[in-house]
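The values are calculated or read from the model by the stated rules, or taken from the named source; none is laboratory data. Predicted, not measured: the structure shown is a model, and the values here were computed from it. Cβ placement follows ideal geometry from the backbone for every residue including glycine, while neighbour counts extend to all protein chains displayed. In case anyone asks, the SASA skips ligands and DNA or RNA and just uses the protein heavy atoms, side chains included. Shrake-Rupley method; radii C 1.70, N 1.55, O 1.52, S 1.80 Å.
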Amino acid sequence: MLSVGLAGKPNAGKSTFFKAATLAEVEIANYPFTTIDANHGVSAVRVPCPCKETGTECGRCRDGVRYVPVELIDVAGLVPDAHLGKGLGNEFLDSLRVAEAVIHVLDASGSADAEGNPVGVGNYDPEKDVLFLKHEIGMWLFGILNRNWERLMRRVRAEGIKIEPLISEQLAGAGVSDNHVRWALSTMKGDPTKWGEEEMKRFAELLRDASKPMIIAANKVDVAPPEFVARLKALDEIVVPTSAAAEVALRMADKSGAIKYRPGDADFELVKDLSAPQKAGLEKIRAILKATGGTGVQECIDRAVFELLDYIPVFPVEDEGKWTDRNGVVLPDAYLMKKGSTTKDLAYRIHTDIGDSFLFALDGRSKRRLGEKHELSAGDVIKIVSTK
């Protein structure tokens, strides 16, 4: 299961976002460092379910919408100079190691200062928080590199060995891959063995961009001054206006059966008779949905996985005619695969033995035979044929 990190300064609404996305029970409070240890939960990305094409309900979607699991990590709040150990910096950075992408939960209302202390709505400029998270992650990676850089470069010069695997090994625990290292090195200029501190910091920033791509959840949009939101949306960043508190309310109301709501919808349907105050509260939330097109929580997760990380959903089956497994379950699984993945990659994802004994694949729609190098597309229904 791929992992997405939730990061940001204290009191920005990370724990509320986490609860909204996972319905996990976490402490939510209006003071810094509510989260001390990272919370791990299961959220999901939203994709169209192919079962609608068969006229048969698969039982694993909600009215044609499939939610495919991803891990969400709510880490301790970050403050400026966290990479130097300020606040809970070390815990924060360690928790981000496995995250493939980061959702920066930012307080768009300007109601908390740089360290997360409440100052009242509109009394802090949220634009100041946009770049600091990138800086802290970059400096964290720089710190890891810098520990052994001179020793590694001496080995490169003395033994003539390639630099890429040495760097990858050094940063493997931070979620940096060989591909990330190769891309960052190709973007840099000059001989790495002669780099100074500034070149190394730039290299660390490139590694950050490759290994921890980021999307900004402009949270508390329901109470944020409109000019703050407008300025954030105008930035050269992926910014999603978000109300995690509204999403929590909708998810809980749906769970109780009071309304019908699917995460990511732009509206909801009343199911039960509610009291006047309850209806009034829901109508306030409906106004937020109309103004922003949704609460933004699901959009953040979807865009992090599909836009930043280039994953696509694929549906493996054992019966290409009925789209079922051997027990007759319709579309039993949905896998998230990197864009560019092949049918053989899918075979290995299902099981190593299936990949090793791969013969060919069948397209569930066209029934066409596909070779091992056939590139998968989003929403494909695929049967793998193997000798196992």
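Among the residues of the stretch 188-234, those that are open to solvent by 50 Å² or more (accessible area, probe 1.4 Å) and under 25 Å from residue 288 (Cα atoms) comprise 222, 223, 226, 227, 230, 231, 233, 234.
Please find, within the stretch 108-133, the residue that is modelled with the highest pLDDT out of those that are under 11 Å from residue 216 (Cβ atoms) and within 20 Å of the chain's Cα centre (by Cα).
First, the residues of the stretch 108-133 that are under 11 Å from residue 216 (Cβ atoms): 108, 126-127, 129-131, 133.
Remaining after also requiring within 20 Å of the chain's Cα centre (by Cα): 108, 129-131, 133.
Working: 108: 97, 129: 92, 130: 91, 131: 87, 133: 87.
By that ranking, first place goes to 108.
List the number of the failed condition for residue 248; all other conditions in (1) buried (at least 22 other Cβ atoms within 10 Å of the Cβ); (2) farther than 22 Å from residue 306 by Cα hold. Here residue 248 meets the rest and fails (1). Hey, could you check the stretch 127-168 for residues that are free of Cβ contacts under 8 Å to residues at least 24 places away in the same chain and of a type in the set (A, V, I, L, M) and say which is surrounded by the most Cβ atoms within 10 Å (Cβ to Cβ)? The residue in question is 167.
Pairing residues of the stretch 260-274 that are closer than 19 Å to residue 20 by Cβ and among the small types (Gly, Ala, Ser) with residues that are assigned to a strand (DSSP E or B) and open to solvent by less than 70 Å² (accessible area, probe 1.4 Å), at Cβ distances under 8 Å and at least 6 apart in sequence or on separate chains, gives 264/46; 264/65.
Within the stretch 338-356, does at least one residue satisfy the condition of being touching a strand residue (DSSP E or B) at 6+ places or on another chain (Cβ under 9 Å), assigned to a loop (DSSP other than H, G, I, E, B), more than 26 Å from residue 102 (Cα to Cα) and open to solvent by less than 20 Å² (accessible area, probe 1.4 Å)? Taking every residue of the stretch 338-356 in turn, none turns out to be touching a strand residue (DSSP E or B) at 6+ places or on another chain (Cβ under 9 Å), assigned to a loop (DSSP other than H, G, I, E, B), more than 26 Å from residue 102 (Cα to Cα) and open to solvent by less than 20 Å² (accessible area, probe 1.4 Å).
Here residue 171 clears all of (1) modelled with pLDDT of 95 or more; (2) open to solvent by less than 10 Å² (accessible area, probe 1.4 Å) except the condition numbered (1).
Scanning the stretch 288-311 for residues that are surrounded by fewer than 22 Cβ atoms within 10 Å (Cβ to Cβ) and more than 18 Å from residue 221 (Cβ to Cβ) yields 306, 307, 308, 309, 310.
Scanning the stretch 357-366 for residues that are of a type in the set (S, T, N, Q) and surrounded by 14 or more Cβ atoms within 10 Å (Cβ to Cβ) yields one hit, 357. On the basis of being closer than 13 Å to residue 208 by Cβ, touching a Lys or Arg at 6+ places or on another chain (Cβ under 6 Å) and not in a strand (DSSP E or B), does residue 138 make the cut? For residue 138, the condition - closer than 13 Å to residue 208 by Cβ, touching a Lys or Arg at 6+ places or on another chain (Cβ under 6 Å) and not in a strand (DSSP E or B) - is met. Scanning the stretch 367-377 turns up no residue that is touching a Pro at 6+ places or on another chain (Cβ under 7 Å) and open to solvent by 60 Å² or more (accessible area, probe 1.4 Å). Of these, 46, 97, which one is in a loop (DSSP other than H, G, I, E, B), out of contact with any Ser or Thr (no Cβ under 9 Å at 6 or more places or on another chain), at pLDDT 80 or above and open to solvent by 10 Å² or more (accessible area, probe 1.4 Å)? Criteria check complete, one pass: 97. Quick check on residue 294: is it in contact with a helix residue (DSSP H, G or I) (Cβ under 7 Å, 6 or more places away or on another chain) and either at pLDDT 95 or above or closer than 22 Å to residue 98 by Cβ (or both)? No.
Kindly check whether there is at least one residue in the stretch 171-189 that is touching a Lys or Arg at 6+ places or on another chain (Cβ under 9 Å) and among the charged types (D, E, K, R). No: the stretch 171-189 contains no residue that is touching a Lys or Arg at 6+ places or on another chain (Cβ under 9 Å) and among the charged types (D, E, K, R).
Check whether at least one residue in the stretch 269-287 is surrounded by 16 or more Cβ atoms within 10 Å (Cβ to Cβ), in contact with a His (Cβ under 8 Å, 6 or more places away or on another chain) and aliphatic (A, V, I, L, M), and report yes or no. No, because not a single residue in the stretch 269-287 is surrounded by 16 or more Cβ atoms within 10 Å (Cβ to Cβ), in contact with a His (Cβ under 8 Å, 6 or more places away or on another chain) and aliphatic (A, V, I, L, M).
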